[in-house]
Amino acid sequence: RAKEGGRSRFDFYTEDLTHSARHRVETERRLRDALAEGQLVAHYQPQVEIATGRVIGVEALVRWRDPEHGLIPPGEFIPLAEETGLIGALGEWVLHEACRQGVLWMEIGIAPLVVAVNLSGYQLRQGDIVESVARVLRQTGFPAERLELELTESALMEREGDTAGVLDRLRAHGIRMAVDDFGTGYSSFAYLRRFRLDVLKIDKRFIDEIDQQQDARTIVDAIIAMGHALGLQVLAEGVETQSQLDILRDQGCDLFQGYLKSRPLDADAVTALLRNDAG
Ligand code: C2E
Ligand code: MG
Ligand code: MG
Ligand code: MG
C-alpha cells in the first residue's frame, strides 16, 4: 500500500496546531504594535430617539486600520485581545478616544447627548476599572453624565457579586450603564433588578424578525414592557428597514440604532451627520 507522502494524519494535525499557534502569536504582536502605533480607529454609530427622529447619542465601535489588510472589524481581534489581556489597554484607548471626541463635539456645539463605549467582561474584572474610567474622564474633561458603558448579559453574569458593586461605583460617578445584546445571553430577568442599569439594548436577532415573525414581535413587546416597568430606556439594535422601525414605534420602543439611520462612521462623517441633523 502506498504511503500518503510519508506523513500520518498526526503530522498534519500537529503541523496545523503549530501553524495556528504561530498565527496567533503573530497576530497578537501585530495588534500590540497597532495599539502602540495608532492604527486603531473609533467609528461611531448614531442612536436615534424614535419619537422625534433626533440623534441623541453615538456608540463608539473600534476598528483596526491595518496597512496590509485594510479596515479589520472588531469581531476579528477583540476575542484575541481578551484572551491575551491586551483588551485592558485597547479598551482604555477606545474610552479615551471616544471621550476626547465627545469633548470636541461639545466644543463645536453639536454634541450628541450620550457617547456609549463597549466594555468587555475582562475589563470589568480587572479591579481598577472604576479608577481607570474616572482617570479618562479627568484627563479628557468629558462629563460622566454623558458617558454610557455597555456590557453584555454574559459579562454581567460572569462574576455577579462584584459586578453589582462595580456598576454602583460607576453609576455613583454619574455614568450610565447599558446591557448590550439583550436576549442572547443568560436572559435571566432577575439580574435586571439586581444590577442597576439605565438602558436595555435588544439584540439585532430579534429585530431582524419582528416584521416577519409574530413570536419575535411578542418577545420584543415583552422586553420593552419589562424594561419600562423597571425604569429602563429600551433601544433596538440593528434596525435596517422602515417596517421594523414602524413596529418598534407602535410598541413604544425609545431608541434605535441601525443601518436604517446610519452605519458606524468615522468621526468626521458623524460630525457632518450631526450638523445636518441639527440644521
Ligand atoms: P455591539 O456592541 O452589539 O455593536 C453593534 C454591532 O452591530 C456593530 O458591529 C455594528 O456595526 C453592527 N450593526 C449596527 N447596526 C446594524 C445594522 O443595521 N445591520 C447590521 N448588519 N449590523 C449592524 P461591529 O462594529 O462589527 O462590532 C461588533 C461587536 O464588537 C460589538 O457589538 C461589540 O460587542 C464589539 N466591540 C466593538 N467595539 C468594541 C470596543 O471598543 N470594545 C469592546 N470590548 N468590544 C467592542
Ligand atoms: Mg455595543
Ligand atoms: Mg449589541
Ligand atoms: Mg453584538
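The values are calculated or read from the model by the stated rules, or taken from the named source; none is laboratory data. Please read these numbers as outputs of a predicted model, since none were measured by experiment. So basically every Cβ, Gly included, is an ideal-geometry build from the backbone, and we count neighbours across all protein chains shown.
In table form, for the structure just shown:
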{"read-out": "Qualifying positions in the stretch 127-136 - over 13 Å from Ala172 (Cβ atoms) and surrounded by 19 or more Cβ atoms within 10 Å (Cβ to Cβ)", "value": "Ile129, Val136"}
{"read-out": "Subset of the stretch 260-279 (residues that are touching a residue at least 12 places away in the same chain (Cβ under 8 Å) and closer than 22 Å to Val94 by Cα)", "value": "Ser262, Arg263, Pro264, Leu265, Asp266, Ala267, Val270, Thr271, Leu273, Leu274"}
{"read-out": "Single unsatisfied condition, Gln101 versus (1) closer than 18 Å to Arg263 by Cβ; (2) among the polar types (S, T, N, Q); (3) loosely packed, with under 14 Cβ neighbours inside 10 Å", "value": "(3)"}
{"read-out": "Residue check for Val94: of a type in the set (Val, Ile, Thr) and modelled with pLDDT of 95 or more", "value": "yes"}
{"read-out": "Near pairs, Cβ below 6 angstrom, 6+ apart or cross-chain, from the stretch 32-59 (closer than 15 Å to Arg146 by Cβ and of a type in the set (Val, Ile, Thr)) to any residue that is surrounded by fewer than 20 Cβ atoms within 10 Å (Cβ to Cβ) and at pLDDT below 95", "value": "Val55/Asp277; Ile56/Leu113"}
{"read-out": "For Phe182: the one exception among (1) more than 20 Å from the chain's Cα centre (by Cα); (2) at pLDDT below 95", "value": "(1)"}
{"read-out": "Any pair with Cβ under 7 angstrom, 6 or more apart, that starts in the stretch 230-242 at a residue that is under 22 Å from Met177 (Cβ atoms) and at pLDDT below 95 and ends at one that is crowded, with 18+ Cβ neighbours inside 10 Å and not acidic (Asp, Glu)", "value": "Leu230/Leu192"}
{"read-out": "Verdict on Met177 being away from ligand 4 (no atom under 16 Å from the Cβ), at pLDDT 95 or above and under 28 Å from Val166 (Cβ atoms)", "value": "yes"}
{"read-out": "Tally, over the stretch 18-67, of residues that are of a type outside the set (A, V, I, L, M), over 21 Å from Ala272 (Cα atoms) and buried (at least 21 other Cβ atoms within 10 Å of the Cβ)", "value": "1"}
{"read-out": "Restricting the stretch 11-29 to residues that are over 13 Å from Leu80 (Cα atoms) and either basic (Lys, Arg) or at pLDDT 70 or above (or both), the residue that is farthest from the chain's Cα centre (by Cα)", "value": "Thr18"}
{"read-out": "Total residues in the stretch 16-43, condition out of contact with any Leu (no Cβ under 6 Å at 6 or more places or on another chain) and not in a helix (DSSP H, G or I)", "value": "6"}
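Here is a yes/no grid of residues against (1) away from ligand 2 (no atom under 16 Å from the Cβ); (2) over 30 Å from Ala172 (Cβ atoms); (3) charged (D, E, K, R):
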| residue | (1), (2), (3) |
| --- | --- |
| Val199 | no, no, no |
| Asp203 | no, no, yes |
| Ile210 | yes, yes, no |
| Leu232 | no, no, no |
| Gly238 | no, yes, no |
| Ser243 | yes, yes, no |
| Ile247 | yes, yes, no |
| Ala267 | yes, no, no |
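Residues are listed down the side, and each one gets a yes or a no for (1) more than 30 Å from Trp64 (Cβ to Cβ); (2) in a helix (DSSP H, G or I); (3) out of contact with any helix residue (DSSP H, G or I) (no Cβ under 7 Å at 6 or more places or on another chain):
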{"residue": "Asp211", "(1), (2), (3)": "yes, no, no"}
{"residue": "Ile219", "(1), (2), (3)": "yes, yes, no"}
{"residue": "Ile223", "(1), (2), (3)": "yes, yes, yes"}
{"residue": "His228", "(1), (2), (3)": "yes, yes, yes"}
{"residue": "Leu235", "(1), (2), (3)": "no, no, yes"}
{"residue": "Val239", "(1), (2), (3)": "no, no, no"}
{"residue": "Asp246", "(1), (2), (3)": "yes, yes, yes"}
{"residue": "Ser262", "(1), (2), (3)": "no, no, no"}
